[in-house]
Amino acid sequence: MAATVAVLLVGLLLFAAVNRVLLKMALRNIPRRRAQTVLILFGLMLATLIITASLSVGDTLNYSLQSIQLRQIGGVDEAITKQPASQFVQGSSTSDAFFFSDAQAADVIQRSKADPNVAAAAGIIVAPGSMIDTTTSQSSSENVAVFGVPAGFGSIWGTLRSRSGASLDAGALGSGEVYIGNHLADTLNAHAGDGLQLYVDGHLTQVTVRDVLDTEVNPSIAGHGPNVNSVLMPLATMRTVIGRATGYNVIFLRNRGTGGFDDLGPNGATGDDVTRHFRVEFTDPQAAAALWTYLNTPSIKTQVKKIHDQASFLDPTQDFSRRLLVELN
């Protein structure tokens, strides 16, 4: 209200400086039409309040969502999978088609780190899971992602921290120990030292909670939202549990920078450069040439143009078809 009155006073002063006659006419109407004046003032105050609240609420929501997402993404800036995996909460599938061999993974990591913007890369295994806390008898089976991580996982994620703020090391996990996310700990009422009956992709194993993280490990948050329960176990333990002696189904990358949005560069320019580089680096030239020839067929090109013309401005395919037509032309 004080802000509204101040704005009105400033407006009146400016108005008076421009035209004294109109100011006198406006002020003369105030005592004559008191009810109308009060309604106008009330409307101005309400409008100011609504505009201020909408701006502040929007900024607050954006900040909160970004804070939640950044914490659950950690230092992971890009992830490479062998097949499109957006339908999997954990980021990839455990079927054979989704696994890189050791040689393939090493090649991908080497070629990724050749990009000057990429600081680190590591292969992991991620699988769906469910569990029962044998101490509290609580269970969880919804959106559980179990990560088999190497000892150097911190070079990708950054410093893992417990709820108390202590630094944690993935390399310090024993073969039967795990870290669990804070949301999962709340669901299970779990604490350090609790025993878990953990099912990893349908395979049962007994593990002990070494500590509770201060967040969830959820790098694929953009595809499904923040409600994911995560478990971190040593990569060797994951291999034993699911019976895979070799291979990885996800490769995580971290860009150079101080963390957060800084790793993506101004307006995401660095992230865009890395993405463009990888699209060229990991594209099969023969398959790309065959696809180009197919799309450049007059009948297919006409169909793409028709799809573009009929799509509304809200349809995400419109921008894709526009860029495709630009490339084809």
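The values are calculated or read from the model by the stated rules, or taken from the named source; none is laboratory data. Given the structure is predicted, the values throughout are model-derived calculations rather than measurements. Glycine gets a Cβ as well: all are built from the backbone with ideal geometry, and neighbour counts include every protein chain shown. SASA here: full protein model, heavy atoms, side chains in, ligands and nucleic acids out. Shrake-Rupley method; radii C 1.70, N 1.55, O 1.52, S 1.80 Å.
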For this session: Provide the percentage of antiparallel DSSP beta bridges, counting only those with both residues in the chain; round to the nearest 5.
Result: 75
Exercise. Residue by residue, what Karplus-based ³J(HN,Hα) values in Hz, rounded to whole numbers, does region 150-159 have, using 6.51, -1.76 and 1.60 with θ = phi - 60° and x for Gly and Pro?
Worked result: x, 4, x, 4, x, 5, 9, 6, x, 6
Exercise. Taking the structure as given and computing Cα extents along the principal axes in Å, which label from (i) 54, 53, 43; (ii) 89, 65, 34; (iii) 78, 51, 37 fits?
Worked result: (ii)
Seminar exercise, completed: Correct response: the longest run of the chain lacking exposed chymotrypsin sites (Phe, Trp or Tyr not before Pro), defined by DSSP loop and at most 14 other Cβ within 10 Å, is 1-281
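In square angstrom, what is the accessible area per residue of region 77-173 with a 1.4 angstrom probe? Please list the in-between numbers first.
Working: 4270 Å² over 97 residues.
Solvent-accessible surface per residue comes out at 44 Å².
Between R256 and K301, what is 0.36 nm times their sequence separation minus the Cα-Cα distance? Round to one decimal in nm.
On the way: separation 45, 0.36 × 45 = 16.20 nm, distance 4.01 nm.
That works out to 12.2 nm of additional length.
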Problem set entry | In order through region 165-175: 3J(HN,Hα) via Karplus (6.51 cos²θ - 1.76 cosθ + 1.60), integer Hz, x for Gly, Pro | x, 6, 6, 10, 10, 4, x, 8, 5, x, 4
Exercise. Counting only residues 5 or more places away or on other chains, whose amide H sits under 5 Å from the amide H of N229 once H atoms are built in the peptide plane?
Worked result: V144, A145
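Quick one: with all protein chains in place, what share of the accessible area of the chain is carbon or sulfur, to the nearest percent (1.4 Å probe)? Spell out each step's value before the answer.
Details: 11140 of 18830 Å².
The C+S portion of the solvent-accessible surface of the chain is 59 percent.
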For this session: For region 135-255, state the semi-axes of the equivalent ellipsoid (square roots of 5 times the eigenvalues of the alpha-carbon gyration tensor), sorted largest first and rounded to whole angstrom.
Result: 19, 18, 15
Problem set entry | From phi via Karplus (6.51, -1.76, 1.60), per-residue ³J(HN,Hα) for region 266-272 in Hz, x at Gly/Pro | x, 6, x, 4, 5, x, 5
Exercise. What does the charge add up to near D169, with Lys and Arg as +1, Asp and Glu as -1, over the other residues with Cβ less than 13 Å from its Cβ?
Worked result: 0
Exercise. Which residues' amide hydrogens lie under 5 Å from the amide hydrogen of V126, considering only partners 5 or more residues apart or on another chain, with H built in the peptide plane?
Worked result: G148, N249, V250
Problem set entry | Helix axis angle, 34-73 relative to the chain longest principal axis, alpha carbon, degrees | 10
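What number comes out for the charge environment of N182, summing +1 per Lys or Arg and -1 per Asp or Glu over other residues with Cβ under 9 Å away?
On the way: positive: R163; negative: D186, D214, E216.
Here the count lands on -2.
Counting only C-alpha contacts under 8 Å and six or more residues apart, can you give the relative contact order of the chain as a whole percent? Spell out each step's value before the answer.
Working: 507 pairs, mean separation 66.0, N = 329.
Relative CO of the chain lands at 20 percent.
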